[in-house]
Amino acid sequence: MVESKATILVVDDEIAVRRILNTRLSMIGYDIITAADGDEALEVFWRERPDLVILDVMMPKRDGYYVCQEIRRESDTPIIMLTALGDVADRITGLRFGADDYLVKPFSPKELEARIHCILRRTKKQQNEVEEAGVLRIANLVIDTNRRKVLQNGNVLRLTHIEFDLLHLLVNQAGNPLSRTDILTAIWGYVPRRHSDLRVVDVHVSRLRSKIEEDPRQPEFIITERGTGYLFRKAPSSAASIAV
């Protein structure tokens, strides 16, 4: 069952790709809007405010990397990037610019549909959840799990949905190492089929470190456990009344 009437923006300069995704995603219940290049994508995005963006990398005028960066300046709307680039380093560039996930062309429409469903289901759950945990403090971080906000030294950090969920997962398991497979399954909602799928976790951990660590090269919070995955070193304490 798909998320009721979620609106998806499909951005691709290939008309065949736009038509196929428009048809398939409409048939399973999504409202689809499309754009053929980067400039049109940004215009449509800010006008329509979709629930999710499927974004091709190689496009005329403005490429997908640029569009992703522009959206991330003001919005944490989920973004899945489509790339035909073969090099893994090129493929994960979009993740560094703020995309939530990526698929390599040619891709299985069913795999794309599954990833859309996982992301929108998680986003809807976030909007509906009210947690009893409330506010947590870890050193100079304050995490408000109800309003999904994080402060560092009193300043609000701008985290995407994925980054907040990743931080929350690691904090909840503080002291226990989590494998990249466990993290991918818990946050992205699918089991890795290729080793390169796990790079999604590494890139988002790197982005999260860049926002919460004083020196990301020598992290104090999120520690790499060689041969295992990642560990959140410091256990949180409750903070009953923090203004966020």
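Worth pointing out:
- Bridge type composition, the chain - antiparallel percent by DSSP, nearest 5: 55
- Ligands, DNA and RNA left out, the accessible area of the chain computed with a 1.4 Å probe is 47% carbon and sulfur.
- Ordering Pro106, Ile33, Pro219 by the projection of their Cα atoms onto the charge dipole of the chain, which places +1 on the Cβ of Lys and Arg and -1 on the Cβ of Asp and Glu, puts Pro219 at the extreme positive end.
- Accessible area (Å², 1.4 Å probe, nearest 10) - Asp144: 0
- Electrostatic dipole magnitude of the chain [Cβ: Lys, Arg +1; Asp, Glu -1; Cα centre; debye, to 20]: 440
- Read-out Cα extents along the principal axes in Å, derived from the coordinates shown; its label in [x] 52, 37, 34; [y] 58, 41, 28; [z] 45, 40, 34: [x]
- Straight-distance crosslink candidates among lysines, where the alpha carbon sits under 29 Å from Lys61 and sequence neighbours closer than 8 are dropped: Lys105
- Nearby lysines by direct alpha-carbon distance to Lys149 (threshold 30 angstrom, same-chain neighbours under 8 apart not counted): Lys5, Lys124, Lys125, Lys211, Lys234
- Thr185 accessible area, 1.4 Å probe, all protein chains in place, Å² to nearest 10: 60
- Heavy-atom accessible surface of the range 23-106, averaged per residue, reaches 44 Å², computed with a 1.4 Å probe.
The values are calculated or read from the model by the stated rules, or taken from the named source; none is laboratory data. Just so it is clear, the structure is predicted and the values come from calculations on it, not from any experiment. Backbone-built Cβ (ideal geometry, glycine too); neighbour counts: all protein chains shown. Areas reflect the complete protein model, heavy atoms only, side chains present, ligands, DNA and RNA absent. Shrake-Rupley method; radii C 1.70, N 1.55, O 1.52, S 1.80 Å.
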